[in-house]
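We did not get these values from a lab; they are worked out from the coordinates using the rules stated. None of the values given here were measured: they were computed from a predicted structure. Every residue, glycine among them, receives a Cβ derived from its backbone with ideal geometry; neighbour counts consider all protein chains shown.
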Amino acid sequence: MIVGAGGPLLSDGRASVPPVAHRVDLNDLIDALDVAQILGLSQSNSVYLYLTRYPEMPRPVVDRGPRRAKLWLRSEVEAWDRKRRA
């Protein structure tokens, strides 16, 4: 791979574009505080306990590692909450 002024290039000169794993609406991203409110939890730390207790709970779509913000998709959390309350 060759690096050009506009970014990485393939050997034939075409731009190399990394694959997109999942497209999300940025307005649909929520943090642990919002997840806690949706689930009726009093503390956002309880969200992490739920992650270990409920393996079917939606996982964060953005997880930048320990002690860093994690983000969930509101639509996934709301759907899971409706399902578990049914």
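Just a few scattered comments:
- When 72, 80 are arranged by Cβ crowding within 10 Å, least crowded first, meaning fewest neighbours, the order is 80, 72.
- Listed values for the stretch 35-40 are Karplus-derived 3J(HN,Hα) couplings in whole Hz (6.51 cos²θ - 1.76 cosθ + 1.60, θ = phi - 60°), namely 4, 4, 5, 4, 7, x, and x replaces Gly and Pro.
- Distant-in-sequence amide contacts of residue 70, defined by a placed amide H-H separation under 5 Å and a gap of 5 or more residues or a different chain, comprise 32.
- At an R0 of 30 angstrom, the distance between the Cβ atoms of residue 84 and residue 64 translates into a FRET efficiency of 0.65.
- For peptides 59-70, 28-39, sequence by mean Cβ density within 10 Å, most packed first: 28-39, 59-70
- A dipole drawn for the stretch 24-85 from +1 and -1 charges on Cβ atoms has a positive end, and of 47, 77, 30 the residue lying farthest that way is 47.
- Taking 76, 56 and counting other C-beta atoms within 10 Å, the order from fewest to most: 56, 76
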